[in-house]
Amino acid sequence: MYEGLIQDLIDELGRLPGIGPKSAQRIAFFIVQDEHYDPSRLATILAAVREHVHFCSVCGNLTEQEQCSVCTDPRRDRSVICVVEEPKDVAAIERTHEYHGLYHVLGGAISPIDGIGPEQLRITSLMPRLADGTVKEIIIATDPNLEGEATATYLARQLGYLDVKVTRLASGLPVGGDLEYADEVTLGRAFEGRRAI
């Protein structure tokens, strides 16, 4: 639609997840038109992130160090590991301030359609973390979708022979939601996961 550098910028921004063609165009125009915005800072930060941020050698979370701040925090409960799909899931759980254990980031979920099997995930690196008997519970916190459920089922089978409690995050109705808009699966899980009040 446009030519030269502006179209290259729109195309490159459009390659980012969650940014569609219109958003890419809006961002590109902002960068070009706002004379107070300095895009060199963004470029510097992007280069620094690419160079210095990597995955924690223990849990797979994002960090600038060898190990992330969760793994090195002596106040964390080392008897519980919460298994999540992506580093963004760690951030979401941390925002609740309800969980104080450790994490294990798989790097995705089992998805045969996308060619992702258990071998492509960080499942084998979880097993040595359970070897010394410190861990008493594994909480599987994969997404409540087809891929997440397949991953949770696979993990439960792999961990079933170990002397460790394997649990799954409850799922059900969102706070502020209406029953009439809930699908059957969500409503069914809400009934299964009900608790006394």
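Coordinate-derived values only; no laboratory data. Values in this document were obtained by computation on a predicted structure and should not be read as measured data. Every residue, glycine among them, receives a Cβ derived from its backbone with ideal geometry; neighbour counts consider all protein chains shown.
Counting only residues that are out of contact with any Ser or Thr (no Cβ under 8 Å at 6 or more places or on another chain), of a type outside the set (D, E) and closer than 21 Å to Q158 by Cβ, region 70-86 holds 3 of them. Confirm whether T134 is touching a strand residue (DSSP E or B) at 6+ places or on another chain (Cβ under 8 Å) and among the polar types (S, T, N, Q). Here the answer is yes, as T134 does meet what is asked. Of all residues in region 87-122, those satisfying the criterion of being part of a loop (DSSP other than H, G, I, E, B) and farther than 17 Å from L155 by Cβ are H97, E98, Y99, H100, G115.
Note on region 127-148: residues that are crowded, with 16+ Cβ neighbours inside 10 Å and not in a loop (DSSP other than H, G, I, E, B) total 7.
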